[in-house]
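Q: Encoded as C-alpha cells, here's the structure I'll be asking about.
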Amino acid sequence: MSTEKCFVDGSAAPGPVQQDRLRLYSMRFCPFAQRTRLVLHAKGIKFETINIHLQKKPVWYLEKNPEGLVPTIETPAGEVVYESSITCEYLDEVYPEKKLLPATPFGKAKQRMMLDHFSKIIPHLFKISSAKRKGDDVSGFEAELKEKFTKLNEHLVKQKTKFFGSDTITFIDYMMWPFFERLGMFGVQHCLDHTPELKKWTERMLEDPAVKATMHSTENHKVFFNSFLEGEPDYDYGL
C-alpha cells in the first residue's frame, strides 16, 4: 500500500508492511523526512510511503512513534526506527550496497561532527524568516548565516572535493541538502553569493537522481510554508 494524501486522526491503520519493502511514515514538505527519502532513493531500497497529518495524528501512529514526528521507518518484522539521521544511518548499515557513510570510524566521526555543526545553522533560517514577518531588521541574522556558509565554503576549498565527503555524494550531503533546497523559501538564497564553491555544490546536488526524485519547487515550498505559518498547514498541497 502507498499513499500520497495524509492519514489523519480517525484514519484506519494501514495493514502489515509487505515482505519485500520498508514503510516510510513521512510528510511531503518535511526537510527531516526528506533526508530519509533521499537515502532510500540513493540506495535503491524498495519502500512505500504513508504521509501523516502532523496536527491531527492518528492514534495508531503515536503508538509506533510516541514522539509523533516524522520520519519513521517500519520493517516487515515490525521494527520501528525514527529520527532523521538515525533512520539514515540504520538504512546505510542494513543495506550495505552503495555505502554512504565512510568505512572507517574516524571517517564516520568526521561526518557526524559536520552534521552536528550544520544542525546549528538550521535555526538561523527560521530566525531570519520570523524576523522578516515581523518587519524587523535581518541584517545581523543574515551576516551570521553568511559567516556559517563561508565556513562551509572554506571546507570545500580546503578539501578540494566536489562534495562534502569526497568527489561523490555521501551521507553528509544528503543530510544538509533539504535545507539548501529551501533557501528560496526562506528568502536567503543571496547569502550564497559570496561562496562560489558552496554554490557549485548546490548545482551539483541538483543533478543527483535522488535529489530530483524527492524535491519540490521553491514555489511549492513557499505555498506550504505560508499555510504552515498561518496555522493551517496544507500537507496535501499540489495533490
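Q: Collect the residues in region 65-83 that are outside any loop (DSSP other than H, G, I, E, B) and surrounded by fewer than 19 Cβ atoms within 10 Å (Cβ to Cβ), keeping them in residue-number order.
A: VAL80
Q: Could you check, for region 189-196, whether at least one of its residues is touching a Phe, Trp or Tyr at 6+ places or on another chain (Cβ under 8 Å), closer than 22 Å to LEU101 by Cβ and of a type in the set (A, V, I, L, M, F, W, C)?
A: Looking for residues that are touching a Phe, Trp or Tyr at 6+ places or on another chain (Cβ under 8 Å), closer than 22 Å to LEU101 by Cβ and of a type in the set (A, V, I, L, M, F, W, C), one finds none in region 189-196, hence no.
Q: Out of everything in region 81-99 that is within 19 Å of the chain's Cα centre (by Cα) and hydrophobic (A, V, I, L, M, F, W, C), what residue ends up being nearest to MET176 (Cα to Cα)?
A: The selected residue is CYS88.
Q: List the number of the failed condition for VAL138; all other conditions in (1) among the hydrophobic types (A, V, I, L, M, F, W, C); (2) without any contact (Cβ under 8 Å) to a residue 40 or more places away in the chain; (3) touching a Phe, Trp or Tyr at 6+ places or on another chain (Cβ under 8 Å) hold.
A: (3)
Q: State all residues of region 29-46 that are open to solvent by 30 Å² or more (accessible area, probe 1.4 Å) and within 11 Å of the chain's Cα centre (by Cα); if no residue qualifies, say none.
A: Matches in region 29-46: PHE32 only.
Q: Within region 185-192, does at least one residue satisfy the condition of being under 28 Å from TYR90 (Cα atoms) and at pLDDT 95 or above?
A: Checked region 185-192: no residue is under 28 Å from TYR90 (Cα atoms) and at pLDDT 95 or above.
Q: Would you check if THR49 is β-branched (Val, Ile, Thr), open to solvent by 10 Å² or more (accessible area, probe 1.4 Å) and out of contact with any Phe, Trp or Tyr (no Cβ under 7 Å at 6 or more places or on another chain)?
A: Yes: the conditions hold for THR49.
Q: How about region 213-239: which of its residues are over 18 Å from HIS41 (Cβ atoms), outside any loop (DSSP other than H, G, I, E, B) and either of a type outside the set (D, E, K, R) or free of Cβ contacts under 8 Å to residues at least 12 places away in the same chain (or both)?
A: THR218, GLU219, ASN220, HIS221, VAL223, PHE224, PHE225, ASN226, SER227, PHE228, LEU229
Q: Continuing with the same structure: Scan region 129-165 residue by residue and report those that are at pLDDT below 95 and under 20 Å from the mean Cα position of the chain (by Cα).
A: SER129, GLY165
Q: Within region 175-200, how many residues are touching a Ser or Thr at 6+ places or on another chain (Cβ under 9 Å) and of a type outside the set (S, T, N, Q)?
A: Number of matching residues: 15.
Q: Report the residue count in region 11-57 for those that are touching a strand residue (DSSP E or B) at 6+ places or on another chain (Cβ under 9 Å), of a type in the set (Val, Ile, Thr), under 28 Å from SER119 (Cβ atoms) and outside any strand (DSSP E or B).
A: Counting residues in region 11-57 that are touching a strand residue (DSSP E or B) at 6+ places or on another chain (Cβ under 9 Å), of a type in the set (Val, Ile, Thr), under 28 Å from SER119 (Cβ atoms) and outside any strand (DSSP E or B) gives 2.
Q: Right, another one. Among residues belonging to region 84-121 that are of a type outside the set (Phe, Trp, Tyr), part of a helix (DSSP H, G or I) and open to solvent by less than 20 Å² (accessible area, probe 1.4 Å), point out the one that is farthest from CYS30 (Cα to Cα).
A: GLY107
Q: Considering VAL94, VAL138, which residue is β-branched (Val, Ile, Thr) and in contact with a helix residue (DSSP H, G or I) (Cβ under 6 Å, 6 or more places away or on another chain)?
A: VAL138 is the lone residue from the list that is β-branched (Val, Ile, Thr) and in contact with a helix residue (DSSP H, G or I) (Cβ under 6 Å, 6 or more places away or on another chain).
Q: Pairs only if they're at least six apart or on different chains, beta carbon under 6 angstrom, first in region 1-16 and among the acidic types (Asp, Glu), second modelled with pLDDT of 95 or more and part of a loop (DSSP other than H, G, I, E, B); list them, first residue then second.
A: ASP9/LYS56; ASP9/PRO58
Q: Name the helices (runs of 4 or more DSSP H) wholly within region 125-212 that hold at least 3 residues that are surrounded by fewer than 19 Cβ atoms within 10 Å (Cβ to Cβ)?
A: Ranges flagged: 139-159, 196-205.
The values are calculated or read from the model by the stated rules, or taken from the named source; none is laboratory data. Because the structure is predicted, anything quoted here is derived from the model rather than measured. Counting neighbours? That spans all protein chains shown, and the Cβs are built from the backbone with ideal geometry, glycine included. The protein model used for the area step is the full one, side chains on, heavy atoms only, and it has no ligands, DNA or RNA in it. Shrake-Rupley method; radii C 1.70, N 1.55, O 1.52, S 1.80 Å.
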